[in-house]
């Protein structure tokens, strides 16, 4: 009986945070509306600036000469991206590998209970991957066939609504934001910074986002480019891909090379632009 009551309460809580409903509530929240109007007024005549994974203001690595590296895992959500690689998470937990998880509102909607479990695990740091997994643009740029946000207003919601959603569920506001596909324009970078959020990209591209990339290719992509301070991008939303298998091979090799695994929080991050 108690389990049924807990499940019912969890389902009710999850329902209140579904993206569409939560955004509707925010659009009736005076503090959210004031913040949004202020951003729109400031950026309504802004030029988008450069578009890409590495634009000024985006952080790519940890500033260190020590052998610290950060594994970051995106949970993208959506019709083709709402899986959950439980074997990967179990491996990280078993090996006590801290990681930073960038999670979208869509993925939270699909895995509310799992999200709450992840957010309560001190091994993991929960960060912002956008409300609807849209590349962040103020003028509708797209990438890899994914339509980006089409205005300052929509870009604001993509960043800030998901930050508030995560904070409302976990009690902790995200510090970092990685745009969908990691592509973002300079105006959106400045917008995130105004909101107290640091845009993040990566330094080491594992290649696991290409469907069915062989384990050996993912492993080689990491080993040939890893360096002190590297921020490695991978994914936790496709259990049918080879991310977990690659991690199982990579971790002992990286440890043998003298690397230590860390979360982003607590470190100074840097970019090269």
Could you work out the relative contact order of the chain? I mean the mean sequence separation of Cα pairs under 8 Å and 6+ apart, divided by the number of residues, in percent. 29
With a Förster distance of 35 angstrom and the Cβ-Cβ distance between residue 31 and residue 272, calculated FRET efficiency to the nearest 0.05 equals 0.45
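So, R0 is 22 Å and r is the distance between the beta-carbons of residue 142 and residue 44; what FRET efficiency does that work out to, to 0.05?
Between residue 142 and residue 44 the formula returns 0.55.
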Segment residue 151-residue 67, length gained on full extension (0.36 nm per residue, minus Cα span): 26.2 nm
Ranked 141, 59, criterion: other C-beta atoms within 10 Å, fewest first: 141, 59
Going by average Cβ density within 10 Å per residue, which order do the peptides 231-243, 124-136 take, highest to lowest? 124-136, 231-243
Using r as the Cβ-Cβ distance of residue 114 and residue 9, and R0 as 22 Å, what FRET efficiency do you calculate, to the nearest 0.05? 0.85
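As a footprinting exposure proxy, order 91, 202 by other Cβ within 10 Å, with the fewest listed first. The partial results should precede the final answer.
Working: 91 17, 202 22.
So the ranking, lowest neighbour count to highest, is 91, 202.
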Give me the number: length gained by fully extending residue 257 to residue 16, i.e. 0.36 nm times residue separation minus the C-alpha to C-alpha distance, one decimal in nm. 82.1 nm
Per-residue [θ]222 nm for the chain (sum of -39500 (n - 2.57) over DSSP H runs n ≥ 4, rounded to 500): -12000 deg cm²/dmol
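Read-outs: derived from the displayed coordinates by stated rules, not from any lab. Because the structure is predicted, anything quoted here is derived from the model rather than measured. Glycine gets a Cβ as well: all are built from the backbone with ideal geometry, and neighbour counts include every protein chain shown.
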